[in-house]
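Since every read-out is calculated from the coordinates, none of them should be taken as a lab result. Since we're looking at a predicted model, the values are computed, not measured.
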Amino acid sequence: MFLTNLERGITRFSNLLGSISTILLIALLCNVFYDVLLRYAFNDVSIAMQELEWHLYSTIFLLGIPYGIQHGGHVRVDLIYENLSIKKRAWIDLLGCAFLMLPFTLLVGYYGVGHAQEAFALGEGSGDPGGLPYRWIIKAVIPFAFFSMAISGVGMMIRSINAIRGISEDGFKNPPIQH
């Protein structure tokens with residue numbers, strides 16, 4: 001029961017990050033529209049708005065990964081994976097998370113904290129005149145996102161353990177074939 005509740009909590013957290021990514025995507029679309037309008041209608045440019053585009057894009061990508069992990073949107077060899085039994089799929093996910101994903105995400109997250117702290121301490125900003133002044137914000141998203149990926153990986157491991165134990169097979173069923 002505890003593992004099932006923990007898995008649900010992690011899924012809610014991952015879904016929240018997916019929702020934030022969706023909102024940021026809308027903000028990115030508005031930003032690009034404004035930038036294009038400014039450039040072609042008024043023959044003007046805003047360095048800050050152009051930099052904000054890649055800040056938003058990076059954040060969308062980084063916060064969307066934990067959502068993708070939690071909902072099976074991550075990369076694997078589906079040609080082989082789809083033909084395996086649910087328990088074999090669960091073992092692959094469990095071992096892949098434990099030995100590949102978790103060590104990598106925790107390592108990047110750990111070193112990313114120092115990277116963001118250094119940018120904050122130096123008051124790092126854009127090198128371009130008129131650019132964004134607080135580059136540490138985007139650098140702080142990196143460790144947050146990688147720790148969030150690790151949390152989603154733990155959720156995947158719990159889902160795998162539940163499937164191996166026969167408690168729940170959610171997330172391991174084949175999607176319906178669409179014609």
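From the Cα gyration tensor of region 26-107, with a ≥ b ≥ c the square roots of its eigenvalues, which class applies: rounded if a/c is under 1.5, or else prolate if a/b is larger than b/c, or else oblate?
On the way: a/c = 5.13, a/b = 2.89, b/c = 1.78.
Taking the square roots of the gyration eigenvalues as a ≥ b ≥ c, region 26-107 is prolate.
Could you give each residue of region 28-42 its phi-based ³J(HN,Hα) in whole Hz, using Karplus coefficients 6.51, -1.76, 1.60 with θ = phi - 60°, and x for Gly or Pro?
Result, ordered by residue: 5, 4, 5, 4, 5, 4, 4, 5, 5, 4, 4, 5, 8, 8, 10 Hz.
Near the amide H of residue 125, under 5 Å away, which other amide H atoms are found, from residues 5 or more places off or on another chain, if H is placed in the peptide plane?
Here 135 satisfy the definition.
Over the chain, what number does the Rg to Rh ratio reach, with both radii from the alpha-carbon atoms and Rh per Kirkwood?
On the way: Rg = 20.0 Å, Rh = 18.4 Å.
Computed over Cα atoms, the ratio is 1.08.
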